[in-house]
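Everything below concerns the one structure shown next.
The values are calculated or read from the model by the stated rules, or taken from the named source; none is laboratory data. It should be emphasised that the depicted structure is a prediction, and the values quoted were computed from it without experimental measurement. All Cβ positions, even for glycine, are placed from backbone atoms using ideal geometry, and neighbour counts span all protein chains on display. SASA here: full protein model, heavy atoms, side chains in, ligands and nucleic acids out. Shrake-Rupley method; radii C 1.70, N 1.55, O 1.52, S 1.80 Å.
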Amino acid sequence: MKIAFYGTGLMGSGFVRRLRALGHEVNVWNRTPDKARRLEAIGARAFDDAAAALAGAGRIHVSLGDDASVDAVLEPLAGAIAAGTWIVDHTTTAVHATAERIERWRARGRTYVHAPIFMGPANAAEGSGLMLLSGPKAEHDTLAPALQPMAGKLLYLGEAPARAAAFKLFGNLTILGLLGVIGDVNRLAHALGIPAGEAFGLFEHFNPGATLPARAARVESADVTQPSFELAMARKDLRLMIEEAQRGGHELVVAPAFAALLDAAIARGEGHLDVVAAARPRR
């Protein structure tokens, strides 16, 4: 199949390399033309004009920066995209905007599918990682043979078209949240005079990520009355971390924010509950 690929940054270039390795003809376009032209070395055909890149393409792939860039690239092409052409967007986008975009393209008689990813450029180039997909099952079944070789693993999330956008945000929130915690560990280590490499060496033996599924299940079940880690004791531990960092001349960032949540829970009389009680949304 001939594919038109819009957005040849790090991720897009990786995907183009994978598509070429899979034997597809690929037309490429990027707002910075030189990034697209670099892919001519692997047999892609670069275009300076976005509409011209559509020539002969049976499927369009998009890997851009945000909602605004997706619309800026695709909307001017609305009249040029042939009926029956699939549009597969790998961009991380807002859930409500994704739902609106899907409906807008369906009204035009085009099938727009959101398929965000968890992978780096090297994974995209070798076809290893995770790609999310949601929408009508028939669309998934039609696209799966084409998308699975691009990703390694394709996870179908159900009929609601914008669910994939939501789950992509869930994953990225977790990744970025963990990075914020690692930053606090780094600050605390510096405050205590322990090299960061030695502090991080703990994670070669202690993997807190392994507890995520169990803790998430407990949050979901709302089972907080039989604590394994009492909320008040967790707040005490956060106090120790914050105070030790301050004593060494550093301010933690994530720990105080979570401490404020625990303070509010204690003020509601929840100090005796499991700490996961603080993760419950309050209306």
Note: Leu155 to Arg282 extended length (0.36 nm per residue) minus current alpha-carbon separation gives 42.7 nm
Can you give the % of DSSP beta bridges in the chain that are antiparallel, to the nearest 5? 10 percent
Take every Cα pair under 8 Å in region 112-245 that's 6+ residues apart, average their separations, divide by the length, and report that relative contact order as a whole percent. 19 percent
Helix axis angle, 231-247 relative to the chain longest principal axis, alpha carbon, degrees: 90 degrees
Go ahead and set up a Gaussian network model of the chain, Cα springs under 10 Å, then flag whichever of Asp66, Asp237, Asp48 fluctuates most. Asp237
Share antiparallel - DSSP beta bridges, region 27-132, percent rounded to 5: 15 percent
For region 38-127, calculate the relative contact order in percent as a whole number, restricting contacts to Cα pairs under 8 Å that are 6 or more residues apart. 26 percent
Treating only Lys and Arg (+1) and Asp and Glu (-1) as charged, each at its beta carbon, one finds that the chain has a dipole about its Cα centre, in Debye to the nearest 20, of 580 debye
Scan around Asn27 for amide H atoms under 5 Å from its own, H built in the peptide plane at 1.01 Å from N, and keep only partners 5 or more places away or cross-chain. Ile3, Ala4, Phe5, Arg45
Anyone know which of Leu192, Leu147, Leu19 comes out most mobile in the 10 Å Cα GNM of the chain? Leu192
Can you bin region 1-70 into rounded, prolate or oblate? Criterion: square roots of the alpha carbon gyration tensor eigenvalues sorted a ≥ b ≥ c, rounded for a/c under 1.5, prolate for a/b above b/c, oblate for the rest. rounded
Per the C-alpha gyration tensor (a ≥ b ≥ c, the square roots of its eigenvalues), region 1-156 is rounded if a/c is under 1.5, else prolate if a/b beats b/c, else oblate; here it's rounded
Counting heavy atoms of the protein chains only and a 1.4 Å probe, report the per residue accessible area for the chain as a whole number of Å². 50 Å²
Extension gain from Ala80 to Ala94, taking 0.36 nm per residue of separation minus the Cα-Cα distance: 2.5 nm
Work out the count of Lys pairs in the chain where the Cα-Cα distance is under 28 Å, with the pair 8 or more places apart or on different chains. 9
Determine how large the accessible area of Arg108 is when every protein chain is in place; take a 1.4 Å probe and give Å² rounded to the nearest 10. 80 Å²
Checking Ala151, Ala99, Ala264 against a Gaussian network model of the chain (alpha-carbon springs below 10 Å), the top fluctuating residue turns out to be Ala264
Could you tell me the relative contact order of the chain? Use alpha-carbon pairs under 8 Å, at least six residues apart, and round to a whole percent. 13 percent
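Can you tell me how region 197-246 classifies by the Cα gyration tensor, rounded, prolate or oblate, using a/c under 1.5 as the rounded cut? Can you show the working numbers first?
On the way: a/c = 3.34, a/b = 1.29, b/c = 2.59.
The shape class here is oblate.
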Round to a whole number: what % of the accessible area of the chain belongs to carbon and sulfur, probe 1.4 Å? 59 percent
